[in-house]
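*Asks:* Below is the structure I would like to discuss, written out as structure tokens.
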Amino acid sequence: MSSEPRIVCLVPSITELVCALGLSEQLVGRTGFCIHPWETVRQVPKVGGTKDVKLEKVRELAPTHVIVNVDENRREDAEALAEFVPEVVVTHPQGPLDNLALYRQLGEAFGREAEAERLSAEFERAYERATAAERPQRDVLYLIWKDPWMTVAPNTYIAQTLALFNWRTPPFAFFRPEGEKRQTERYPEVDLAGFAGQVERVLLSSEPYHFKRGHFGEVEAALPGAEVSLIDGEMTSWYGPRAIAGLDYLREYTA
């Protein structure tokens with residue numbers, strides 16, 4: 001590359017990936033949710049959140065590249081950024097194995113091919129460990145929000161990650177409280193009672209809503225008989241290097 005890139009990353013997990021690829025010094029902007037690796041990113045200016053990007057702050061940083069994600073960021077923000085940023089890098093991993101393409105996409109974009117291949121090898125080893133043992137199928141409800149309750153559709157990254165361990169987010173119809181079926185949404189609002197008898201386990205994620213043990217009672221009352229537990233959302237939903245740790249975490253969690 002003729003000059004060093006100036007990177008603004010609007011995707012928390014990919015900010016961590018940028019650093020893992022040896023590009024910490026080229027990272028000039030991040031969202032307030034980009035918190036890993038903290039000792040590195042704490043000094044990097046914030047440009048708002050994933051859904052409320054401060055476009056003028058980005059402009060002031062004069063980036064050569066802005067990294068966005070289809071699920072994390074708003075299309076209108078990406079389009080607005082494209083008007084003054086030379087390169088808007090769009091990412092959209094939809095399953096665990098897509099991390100390999102993501103590592104290589106950024107490695108090629110920023111001249112870090114060797115680092116990308118190292119991460120790919122680490123991921124492949126973790127993937128082999130994760131898929132080495134057969135597990136019985138379990139139907140689970142993974143909750144990401146409260147008021148309203150929200151879950152993940154089977155075609156999301158989270159659901160595809162859980163599927164590696166034979167934990168199925170069933171392709172049943174999703175229901176809003178008023179009974180309207182919502183089968184096309186990736187992160188639909190749901191009525192918990194509509195899942196009674198359909199799921200064995202309910203997983204309360206630590207993000208984006210930070211569920212705690214105090215939420216167990218309400219879930220257990222709506223879904224009697226279902227096991228309720230907390231789960232680290234970063235380990236199920238983050239791409240990049242944390243996806244490698246996530247596979248090992250879930251291998252133990254689902255054992």
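*Asks:* Provide the percentage of antiparallel DSSP beta bridges, counting only those with both residues in the stretch 1-92; round to the nearest 5. Intermediate values should be presented prior to the final figure.
*Replies:* Details: 1 of 13 bridges.
If I count the DSSP bridges inside the stretch 1-92, around 10 percent turn out antiparallel.
*Asks:* Where in the stretch 219-242 does the label zone of residue 94 land, with the point 7 angstrom along Cα→C-beta and an amide N cut-off under 19 Å?
*Replies:* 237-240
*Asks:* How many angstrom lie between the Cα centre of the stretch 184-239 and the Cα centre of the stretch 115-163?
*Replies:* Result: 15 Å between the Cα centres.
*Asks:* Helix-derived [θ] at 222 nm for the chain: sum -39500 (n - 2.57) over DSSP H runs of at least 4, divide by residue count, nearest 500? Present the calculation step by step, with values, prior to reporting the outcome.
*Replies:* On the way: 10 runs with 89 residues, N = 255.
Calculated mean residue ellipticity at 222 nm is -10000 deg cm²/dmol.
*Asks:* What is the fewest-to-most order of 227, 122 by other Cβ atoms lying within 10 Å of their Cβ?
*Replies:* Numbers: 227 13, 122 16.
Ascending number of Cβ neighbours within 10 Å: 227, 122.
*Asks:* Using r as the Cβ-Cβ distance of residue 39 and residue 134, and R0 as 51 Å, what FRET efficiency do you calculate, to the nearest 0.05? Write out the running numbers ahead of the final one.
*Replies:* Numbers: r = 40 Å, r/R0 = 0.79.
In this case the efficiency is close to 0.80.
*Asks:* List the relative contact order of the chain as a percent without decimals, with contacts defined as Cα pairs under 8 Å and 6+ residues apart. Provide the component values of the computation, followed by the final result.
*Replies:* Numbers: 449 pairs, mean separation 41.8, N = 255.
Computed value for the chain: 16 percent relative contact order.
*Asks:* FRET efficiency for residue 71 and residue 193, Cβ-Cβ distance as r, R0 = 25 Å, nearest 0.05?
*Replies:* 0.35
*Asks:* Please state, to two decimals, what the Cα-based radius of gyration of the chain comes to when divided by 2.2 N^0.38 Å (N = residues). Spell out each step's value before the answer.
*Replies:* On the way: Rg = 19.2 Å, N = 255, 2.2 N^0.38 = 18.1 Å.
This ratio for the chain stands at 1.06.
*Asks:* Through the Karplus equation 6.51 cos²θ - 1.76 cosθ + 1.60, θ set to phi - 60°, convert the phi angles of the stretch 57-65 into ³J(HN,Hα) values in whole Hz; use x for Gly and Pro.
*Replies:* 5, 5, 4, 4, 7, 6, x, 8, 9
*Asks:* Roughly what % antiparallel, to the nearest 5, for the DSSP beta bridges in the stretch 138-253?
*Replies:* Working: 4 of 15 bridges.
Percentage antiparallel, nearest 5: 25.
*Asks:* Let me ask something additional. When we measure straight from the Cα of residue 212, which lysines land under 16 angstrom away, once same-chain ones fewer than 8 places off are left out?
*Replies:* Within reach: 146.
*Asks:* Shifting gears a bit: Could you compute the longest span of the chain free of trypsin sites (Lys or Arg not before Pro) located in DSSP loops and having at most 11 other Cβ atoms within 10 Å, not counting the site residues?
*Replies:* Counting only loop sites that pass the neighbour cut-off, the longest clear stretch is 43-211.
*Asks:* Looking at the chain, send over the antiparallel percent of its DSSP beta bridges, to the nearest 5. Write out the running numbers ahead of the final one.
*Replies:* On the way: 5 of 28 bridges.
In the chain, approximately 20 percent of DSSP beta bridges are antiparallel ones.
None of the figures in this text is laboratory data; all of them are computed from the coordinates on show. What you see is a predicted model; the values in this text were computed from it and never measured. Positions of Cβ are generated from backbone atoms using ideal geometry, with glycine treated the same way; all protein chains shown enter the neighbour counts.
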